[in-house]
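Chemist: Pasting a structure below so you can have a look.
The values are calculated or read from the model by the stated rules, or taken from the named source; none is laboratory data. Computed from a prediction, not measured in an experiment: that's the story for all the values here. Every residue, glycine as well, gets a Cβ built from its backbone with ideal geometry; the counts of neighbours run over all protein chains shown.
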Amino acid sequence: MLQDLHPATAADAASESDRLAYNAAFQELDLNWYWDAATYARVQRFGRSGLRSWLETEYAHLLRAYTTDFLVDLIETTKARHMAMARATRPPRSTAPACTADRLAA
């Protein structure tokens, strides 16, 4: 595919980090859920309301025991904690100048 020839953008990396944080939150909360990239894109296009709608559509049975707001808040809070942990453990970006062919040849 043509898109495979282009490196991922910062937005793509941020989106992937967000998706992985959701999946980590699901795992921590013992929810047997997994969002692939397509599901994440479909749900997150609408933000919190997308998550609400996804819960109401895919897991309506949970709403007999929990309110939608409770589940959304629980998932979002747990996801935010995973995002913060990921940022805290990410190595700092290098401030060294990039190597170029000219520098290597000198």
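Chemist: Determine whether residue 63 is under 14 Å from residue 79 (Cβ atoms) and surrounded by 13 or more Cβ atoms within 10 Å (Cβ to Cβ).
Modeler: In short, no.
Chemist: Follow-up question, since we're still on this one. Is it the case that some residue within region 43-57 is within 21 Å of residue 87 (Cα to Cα), surrounded by 14 or more Cβ atoms within 10 Å (Cβ to Cβ) and out of contact with any Cys (no Cβ under 7 Å at 6 or more places or on another chain)?
Modeler: For region 43-57, residues within 21 Å of residue 87 (Cα to Cα), surrounded by 14 or more Cβ atoms within 10 Å (Cβ to Cβ) and out of contact with any Cys (no Cβ under 7 Å at 6 or more places or on another chain): present.
Chemist: May I ask you to say which residue of 25, 13 is modelled with pLDDT of 95 or more, aliphatic (A, V, I, L, M) and either in a helix (DSSP H, G or I) or surrounded by 13 or more Cβ atoms within 10 Å (Cβ to Cβ) (or both)?
Modeler: Answer to the check: 25.
Chemist: Can you find a residue that is within 14 Å of the chain's Cα centre (by Cα), among the charged types (D, E, K, R), in a helix (DSSP H, G or I) and surrounded by 13 or more Cβ atoms within 10 Å (Cβ to Cβ) anywhere in region 68-79?
Modeler: yes
Chemist: Do the conditions hold for residue 54, that is, is it at pLDDT 95 or above, of a type in the set (Phe, Trp, Tyr) and not in a helix (DSSP H, G or I)?
Modeler: no
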